[in-house]
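A short worksheet on the structure shown next.
The values are calculated or read from the model by the stated rules, or taken from the named source; none is laboratory data. Here the structure is a predicted model, which is why all the values come from computation and not from measurement. Neighbour counts run over all protein chains shown; Cβ positions are idealised from the backbone, glycine included.
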Amino acid sequence: MDEIKQFLGSTPVITREAKDAARAQLQRAMRDPLPQPARRRTFRLPRLAWRFGIAAVAASALLVGYGVVRGGDRSVAYADVRDLGERAAEAAERHSDDAYTRTPSPGQWLYVKESIAPLLAEPRPEVDRDRRETLELWYSLDGRQVAMDDGAGKLVIEEVSTGLKAADLAREPVTPDGVLAKVKAAVAATPASPFDQGRSEQERAFQTISTLMGGQPLTPPVRAALFRALPKIDGVSVKQDAVDAAGRHGVAFAYTGPRERSEIILDAEDYRFLGLYGENLFDQAWPGEGMPFSPPPGTKRGTVKAGAPLVWSAQLETKVVDKPGNLPQR
Amino acid sequence: MTQTHPAETAEVDDAELIRWSRDDPEQFGGLFDRYIEQIHRFVARRLGTQAADDIAAETFLTAFRSRASYDPAQRLAGPWLYGIATNLIAKHRRGEERFLRALSRSGTSPMPEPPMADRVVGRVAAQEVDRRLAGALASMSSGDRDVLLLVAWGELTYEEVAAVLRVPIGTVRSRLHRARKKARIALGGDDPTREVA
């Protein structure tokens, strides 16, 4: 008898629901062929920026989630992405954590401590699943700047393009359709970055919301509206078990684009923002058409493999502070 | 899936279906129907059913996106799909090892799917052999475990494993040797992967 062959042999077969969901995902890919590659843009990104990985740098609005919502729904099975959106929105609405209700002053900054999978081999885009670096960042609440240590103890401030910030979303009336319209208007008004080449409006809207979720103090109504808005974006699905870079399991809103799949990972109990994950969907030549920058001369060409992770992060701590470089009071 | 090609797909090999799907994407649905259950089962045995739901779907999506690079000389697409699934499983290997260690201890599973995990843990508790195997699998390197399970569960040949993992066949042999040795030690001498005539 072959014990290995029998080991866990009574594992149940795929359910009809899971099979139907997988088939639907495949059919959607069949209907939406890959876009023609955009013309290659050639310029170099600051070396520092590459510490974030592609998805984080691609964000046009650098806004991060804030605080913790306590209590709520403990079950983890979601019928579909609308179910996730609704349950997350209800949790956001019934929270009582005052971290969400204090209004920061416009000149303040959001301190964010996160753990990220660093780039595997700069300047290639893949990140290393097996290593972690801790980053401390300060985002200006006007959405225009991000500050970070340059690796040598010096704080540097980078300008970032901004299309949207928390205060814009909090203007009444706050509704799912209303916040989605603001997100799409911001996407339309913001020139596509090199990282956005080949991305649809839907994908850019998802990316913008992912950075909003993770990047700026959001009021409960805004969080709830964004949770209900995400299922309205074509191509967004639920991932029942997602894992952030700190190994925390949660649930994710996932968007499958033509080249990569992105996840907004949330705690499955209180729906606070945990982190981001993104991976390459199929083998792609590197550097290739449509990729956002040209490597230094002499860089070895290769392939970015299907399934390669492109961003993986875990948000560990957030706090509004008065200026960049300030740490939260312990 | 809508079958628009005039031929009976049941009589067509996988390579031909994939070739058709280049012009007629819907043909890829035939491959999905042929393999979804076995790919899902393979992933579920390694990571549990909930993770398998996502990874099996991703496997076919990835395969569809990269179908242009499929080697038409390979008439059966099973090894190709197992290879994609194995690459996708790789990012969950810490979870897999936690799962296996929990099984080996007959303790509670860290996997977020109590019905499956409890059932399996309960069964494993009753079977010392399985508990030992779980421990052995958990202690292997992910590369060794990939090779062993592709051979044992996916029924791939050494050549197919080498092709889908993109490693030399000698590496497949040495990994399998190490994996079998660990399993054998865990079971007190019997080689659990040896085929019995």
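Output the residue which, of all residues in the range B:71-97 that are basic (Lys, Arg) and facing chain A (nearest Cβ under 9 Å), is surrounded by the fewest Cβ atoms within 10 Å (Cβ to Cβ).
Here is the first cut: in the range B:71-97, the ones basic (Lys, Arg) are B:75, B:91, B:93-94.
Remaining after also requiring facing chain A (nearest Cβ under 9 Å): B:91, B:93-94.
Details: B:Lys91: 17, B:Arg93: 18, B:Arg94: 14.
Step by step, filter the range B:71-97, then rank; the result is B:Arg94.
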Among B:Ala57, B:Ala63, B:Ala52, B:Ala68, the single one that is under 15 Å from B:Ala85 (Cα atoms), in a helix (DSSP H, G or I) and either more than 8 Å from every other protein chain (Cβ to nearest Cβ) or basic (Lys, Arg) (or both) is B:Ala63
Pairs returned, first residue in the range A:13-24 that is facing chain B (nearest Cβ under 7 Å), second residue that is among the aliphatic types (A, V, I, L, M) and in a helix (DSSP H, G or I), beta-carbon separation under 7 angstrom, 6 or more apart or interchain, are A:Ile14/B:Ile36; A:Ile14/B:Ala56; A:Lys19/B:Ile36; A:Ala21/B:Ala57; A:Ala22/B:Ile36; A:Ala22/B:Ala56; A:Ala22/B:Ala57
For the range A:273-281, state whether one or more residues are away from chain B (no Cβ under 14 Å) and without any contact (Cβ under 8 Å) to a residue 40 or more places away in the chain. no
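Give the residue that is farthest from the other protein chains (Cβ to nearest Cβ), with candidates limited to residues of the range B:25-40 that are surrounded by fewer than 21 Cβ atoms within 10 Å (Cβ to Cβ) and over 17 Å from B:Ser66 (Cβ atoms). Working first, answer last.
Residues of the range B:25-40 surrounded by fewer than 21 Cβ atoms within 10 Å (Cβ to Cβ): B:25-26, B:33-34, B:37-38.
Subsequent filtering for residues that are over 17 Å from B:Ser66 (Cβ atoms) retains B:26, B:33-34, B:37-38.
Values: B:Glu26: 6, B:Asp33: 9, B:Arg34: 13, B:Glu37: 6, B:Gln38: 9 Å.
Among them, the one singled out is B:Arg34.
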Checklist line | Test: residue in the range A:205-223 that is at pLDDT 85 or above, closer than 16 Å to A:Ile233 by Cβ and surrounded by fewer than 17 Cβ atoms within 10 Å (Cβ to Cβ) | finding: no
